[in-house]
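Below: one structure, written as structure tokens.
The values are calculated or read from the model by the stated rules, or taken from the named source; none is laboratory data. Quick caveat: nothing in here was measured; it's all calculated off a predicted structure. When we count neighbours, we look across all protein chains shown, and the Cβ atoms used for this are built from the backbone with ideal geometry, even at glycine.
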Amino acid sequence: MTYNPLNFDNLIGAPGLSDKMLKDHFTLYQGYVTNTNKCADLLMALFKDGKTATPEFAEVKRRFGWEFNGMRLHELYFGNMHREATKLDEKSAFAKAATASFGSIDKLKEALTAVGTMRGIGWAVLYYDSVGEKMFVNWVNEHDVGHLAGCAPLLIMDVFEHAYMTDYQLKRADYIKAFVNAINWPVVAKRFDQAKKI
């Protein structure tokens, strides 16, 4: 299977996120797509050659999780952003569930900001646990470490330095404000609706 990079040029011109920073970030994302394909091809070749017990297979298999999640998290991240401010339908199933989990949408934003400003590199992810019918904002340190098993990612915020250093240097909190203003709430609500069907 070959993955192709998605086009997120629709984000160009987003307030608080420079075109240069976005374009550099798109290039980084495209590298994850390329490396996901390379790893998948190499794994299949090693499998066909009966070399699954080799160190090469083990290392590429481990690397595949990093590259694939790097690709997919960036797609979810860019996909839950919009160039223009969007409104959340306060009567939507997502808004009601988020309010039940956090107390209000403003409290959800506070939780996302609190996790996003933690020291370290990684991702702040709003998850929905369909078993417990609750939402959590979780820290994902590396692309492939820290995900909540069985939970659906609804809202992704990249807090690796490449996501903000060009525009904000060390002022991550200022980047997070710009990100929160760029959240595409209808997309997040749609992801919640899809997660509820599973």
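Quick notes on this one:
- Odd one out for Phe136 among (1) touching a residue at least 60 places away in the same chain (Cβ under 8 Å); (2) more than 23 Å from Asp9 (Cα to Cα); (3) not in a loop (DSSP other than H, G, I, E, B): (1)
- Subset of the range 68-94 [buried (at least 17 other Cβ atoms within 10 Å of the Cβ) and without any contact (Cβ under 8 Å) to a residue 12 or more places away in the chain]: Arg72
- Matching option when the condition is among the hydroxyl-bearing types (Ser, Thr, Tyr) and in contact with a helix residue (DSSP H, G or I) (Cβ under 6 Å, 6 or more places away or on another chain), among Ser92, Ser104: Ser92
- Of the residues Lys134, Lys87, Lys107, the single one that is outside the structural domain of Leu170 (by TED's automatic domain parsing) and over 26 Å from Leu28 (Cβ atoms) is Lys87.
- The range 77-120: number of residues that are hydrophobic (A, V, I, L, M, F, W, C), in a loop (DSSP other than H, G, I, E, B) and farther than 15 Å from Lys177 by Cα: 1
- Some residue of the range 163-174 being touching a Lys or Arg at 6+ places or on another chain (Cβ under 7 Å), aromatic (Phe, Trp, Tyr) and assigned to a loop (DSSP other than H, G, I, E, B): yes
- Index of the failed condition, Leu148 passing every other in (1) among the aliphatic types (A, V, I, L, M); (2) at pLDDT 95 or above; (3) more than 13 Å from Leu73 (Cα to Cα); (4) surrounded by fewer than 19 Cβ atoms within 10 Å (Cβ to Cβ): (2)
- Every pair of residues 6+ apart whose Cβ atoms lie under 6 Å, when the first sits in the range 11-37 and is free of Cβ contacts under 8 Å to residues at least 40 places away in the same chain and in the same structural domain as Glu67 (by TED's automatic domain parsing) while the second is surrounded by 15 or more Cβ atoms within 10 Å (Cβ to Cβ) and in a helix (DSSP H, G or I): Leu22/Leu11; Val33/Met71; Asn35/Glu67; Thr36/Glu67; Thr36/Phe68; Thr36/Met71
- Test result for Arg72, within 14 Å of the chain's Cα centre (by Cα) and closer than 22 Å to Ile12 by Cα: yes
- Some residue of the range 122-134 being in contact with a Cys (Cβ under 9 Å, 6 or more places away or on another chain) and among the basic types (Lys, Arg): no
- Residue within the range 36-46 that is within 23 Å of Asn7 (Cβ to Cβ), in a helix (DSSP H, G or I) and touching a Ser or Thr at 6+ places or on another chain (Cβ under 7 Å) present: yes
- When Glu90 is tested against (1) within 29 Å of Met21 (Cβ to Cβ); (2) at pLDDT below 95, only condition (1) is not met.
- Summed over the range 68-88, residues that are of a type in the set (Lys, Arg) and under 17 Å from Ala163 (Cβ atoms) total 2.
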